[in-house]
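First up is the structure itself, then whatever we jot down about it.
The values are calculated or read from the model by the stated rules, or taken from the named source; none is laboratory data. Predicted model only: the values in this text are computed from it and were never measured. With ideal geometry, Cβ positions are generated from the backbone for all residues, glycine too; neighbour counts draw on all protein chains shown.
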Amino acid sequence: MKMILLGAPGAGKGTQAERLCKVLNIPTISTGNILRAAVKNGTPTGKQAEAYMKAGKLVPDEVIIGVISERLAEADCQKGFILDGVPRTIPQAEALDKMVKIDKVIDLEVSDEAIIARMSGRRVCEKCGSSYHLLYKKPAVEGVCTNCGGTLVQRKDDHPDTVKDRLRVYHEQTEPLKEYYEKQGKL
Ligand code: AMP
C-alpha cells in the first residue's frame, strides 16, 4: 500500500501514521521529521530548510523533491509506505506521480479552531519524533518519550502566531491537493 495522509498541520497525520504503519507493516515517511533531523545535524539540506521552517513557511519544492526521491529509493519503501506531510504543493504531487504509483490518499478534516487549541498542547520527542499531547496523549512519564526515552519538547513552529501562518499556507497551497487526488479517484 502506497498511501498519502493529507490534512492541516496538527490534524493528526503523524498520530494516525504511527498507528497505520504498525498495522500495515510499512514505514512512515515524514518530511517534517527528516528536515528537523537535517537541521539538528547541520547538513546542507538542513541549512537550506531551517529559516523556512522557523517562519512556518514551506521549504522550496526542489529541496523536498530531492529529499523524498532519495528516501523512496531505500529498500524498506519498496513494498509500500505512508507519506505524512508530503506532498504539500501541486508541483510536489506532480513530481511524486513521476516517481511512484500512489494507491490511496486519506484526508483528515479538522477545523482551524480545534487545531490551534491542539497545537498549544503538542509535545514531540527530540530524538525519535514521536508525538504527544499534554491532555489527550500523555506519555507514561511526564516529559519523557514512551517510545525511546528521549526528551519531549514543544516545536518552535507550534507557537500560536506561527500556527496561524502555517494554517494560511495550508489553505493556500496544500488544500488544492484534495481536488488533485479526487480527480485521480484516489481520495
Ligand atoms: P511538519 O512536521 O510536517 O508540520 O513540517 C514542519 C515544517 O517542515 C513545515 O512547516 C515546513 O516548513 C517543512 N516541510 C515539511 N514537509 C514539507 C513539504 N512537503 N513541503 C514544504 N515544506 C515542508
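Okay, here's what the table says:
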item	result
Residue match in segment 140-157 (condition: within 16 Å of the ligand (Cβ to nearest atom), over 16 Å from the mean Cα position of the chain (by Cα) and either farther than 25 Å from Cys128 by Cα or in contact (Cβ under 8 Å) with a residue 40 or more places away in the chain (or both))	no
Residue identified as in a helix (DSSP H, G or I), acidic (Asp, Glu) and closer than 27 Å to Tyr181 by Cβ among Glu94, Glu50	Glu94
Residue check, Ala49 crowded, with 19+ Cβ neighbours inside 10 Å, of a type in the set (Gly, Ala, Ser), modelled with pLDDT of 95 or more and within 28 Å of Asp165 (Cβ to Cβ)	yes
Residue within segment 110-123 that is over 17 Å from Gly12 (Cα atoms), away from the ligand (no atom under 12 Å from the Cβ) and either part of a loop (DSSP other than H, G, I, E, B) or modelled with pLDDT of 95 or more (or both) present	no
Residue match in segment 106-113 (condition: touching a helix residue (DSSP H, G or I) at 6+ places or on another chain (Cβ under 9 Å) and buried (at least 19 other Cβ atoms within 10 Å of the Cβ))	no
Residues of segment 24-45 satisfying the condition of being under 16 Å from the mean Cα position of the chain (by Cα) and within 13 Å of the ligand (Cβ to nearest atom)	Thr28, Ile29, Ser30, Thr31, Gly32, Asn33, Ile34, Leu35, Arg36, Ala37, Ala38, Val39
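Residue by residue, here is whether (1) within 19 Å of Arg123 (Cα to Cα); (2) at pLDDT below 95; (3) in a loop (DSSP other than H, G, I, E, B) holds:
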| residue | (1), (2), (3) |
| --- | --- |
| Gly14 | yes, yes, no |
| Glu18 | yes, yes, no |
| Cys21 | no, yes, no |
| Leu35 | yes, no, no |
| Lys40 | yes, yes, no |
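For every residue, the table says whether it meets (1) surrounded by 15 or more Cβ atoms within 10 Å (Cβ to Cβ); (2) under 19 Å from Pro27 (Cα atoms); (3) modelled with pLDDT under 95.
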position: Ile90; (1), (2), (3): yes, no, no
position: Ser130; (1), (2), (3): yes, yes, yes
position: Val141; (1), (2), (3): no, no, no
position: Val169; (1), (2), (3): yes, no, yes
position: Tyr180; (1), (2), (3): yes, no, no
